[in-house]
Amino acid sequence: MQNGVYYSDYLQLDKIIGAQELESDKAGDHAHDEMLFIIIHQSYELWFKQILFEVGSVIDIMSQANIADNSPDLFVVNHRLKRVVTILQTLIGKIDILETMTPLDFLDFRNRLRPASGFQSIQFKVLEAKLGLKMQNRHGREYYTSQLRPDDKKIIEDIETTKPLIDSVNDWLQRTPFFDNPEFWQGFEATGDSHPFWKSYRDVYDGSLLEAEKFNLARFDELLLSADKKEGWNLSPKARRAALFIMMYRDFPLLQMPFTLINVLLEIDEGIATWRYRHMNMVHRMIGSRVGTGGSTGKEYLRGTVEKHYIFAEFAELTSFMIERKKLPHLTTELRQKLGFDV
């Protein structure tokens with residue numbers, strides 16, 4: 001045999017394949033489906049590790065003082081976050097495998113798991129925090145770290161003090177330069193403190209609303225035209241304006257990569273929410289209204305996380321303020337050339 005790396009040594013398969021110890025076997029009461037239960041959850045943790053690896057690298061890139069919108073950096077960010085979306089789709093699919101276990105199969109070993117629970121997954125909690133889910137926005141936050149060992153609780157507390165991805169994205173959007181150059185907005189009418197583009201855009205938006213939708217105009221003014229970022233907001237008004245502009249004028253070459261980034265963040269939110277929803281339904285199918293092994297309220301707790309734990313929802317809300325493409329304010333020749341079209 002040739003010298004060099006050997007397959008099983010490289011993958012440390014002795015550790016991985018030997019890492020399934022059934023609690024039912026320890027008790028002398030073998031439960032066949034406990035093996036499936038362990039392997040599914042171990043594979044989840046491996047994929048969580050890969051997601052954290054990707055997200056960590058993206059945070060490093062987005063934390064730079066300057067990133068050109070047509071740079072290789074932004075391409076790498078989009079590529080790695082798209083990988084995260086694909087991994088999330090894989091995690092959702094694993095629930096199909098777990099659901100081959102019936103409730104009666106689960107009862108063969110469920111009581112031997114207490115008080116262990118998926119709620120104690122440190123990697124998933126770290127992922128939520130790194131993406132930008134803040135403690136004050138968590139469902140059941142008083143319970144959030146109560147089931148953790150002190151060392152694990154310290155990990156979460158330390159992560160909560162670091163800058164998450166959503167904050168770096170906010171900073172990147174705030175650096176969008178087009179609105180600061182007066183030559184790009186010649187021909188647009190300025191009113192008061194409003195930027196001439198947003199004055200024009202707001203007028204068109206107001207005219208597009210049905211009577212039952214008029215409440216959105218006040219929301220538009222609050223979220224996009226306020227002077228400051230309010231408590232509890234992930235995105236500042238300036239960042240929201242930049243994001244909406246990118247979403248509306250995404251067909252310009254220079255804005256295609258930024259639009260892809262916004263879209264892939266929404267896909268991550270959707271992927272995590274879909275995984276939570278599938279998990280909630282599986283729990284309901286398996287244990288009905290019984291209490292979770294970790295002491296949570298089971299399905300009801302999970303329902304709350306599905307509804308509340310969106311991280312990038314402020315991007316989704318911007319669709320409330322979009323207008324038809326044919327009604328978009330016509331950009332100046334100078335700005336169109338800057339965004340990448342030959343005019």
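The values are calculated or read from the model by the stated rules, or taken from the named source; none is laboratory data. Just so you know, these numbers come straight off a predicted model, no measurement behind them. Cβ atoms come from the backbone with ideal geometry, glycine included; neighbour counts cover every protein chain shown.
Some points to look at:
- Residue, farthest from residue 339 (Cα to Cα), within region 158-182, restricted to residues that are among the acidic types (Asp, Glu) and assigned to a helix (DSSP H, G or I): 158
- Contacts under 6 angstrom Cβ, first residue in region 18-36 being in contact (Cβ under 8 Å) with a residue 24 or more places away in the chain, partner exposed (fewer than 15 other Cβ atoms within 10 Å of the Cβ), 6 or more apart: 24/30
- Where a residue in region 239-256 is more than 14 Å from residue 175 (Cα to Cα) and its partner, wherever it lies, is among the small types (Gly, Ala, Ser), with Cβ under 6 Å and at least six apart: 252/340; 253/340; 254/340
- On inspection, residue 67 does not qualify as farther than 17 Å from residue 270 by Cβ, out of contact with any Phe, Trp or Tyr (no Cβ under 7 Å at 6 or more places or on another chain) and touching a residue at least 40 places away in the same chain (Cβ under 8 Å).
- Checklist (1) crowded, with 16+ Cβ neighbours inside 10 Å; (2) closer than 21 Å to residue 67 by Cα; (3) not small (Gly, Ala, Ser) applied to residue 181, failing item: (1)
- Region 42-54 residues that are within 17 Å of residue 17 (Cβ to Cβ), paired with ones that are of a type outside the set (S, T, N, Q) and surrounded by fewer than 16 Cβ atoms within 10 Å (Cβ to Cβ) (beta carbon under 7 Å, 6 or more apart): 42/19
- Conditions (1) over 20 Å from the mean Cα position of the chain (by Cα); (2) buried (at least 17 other Cβ atoms within 10 Å of the Cβ); number of the one not met by residue 94: (1)
- A single member of 67, 39, 95 is modelled with pLDDT of 95 or more and out of contact with any Cys (no Cβ under 7 Å at 6 or more places or on another chain), and it is 39.
- Selection within region 184-194 - buried (at least 17 other Cβ atoms within 10 Å of the Cβ) and either among the basic types (Lys, Arg) or part of a loop (DSSP other than H, G, I, E, B) (or both): 188
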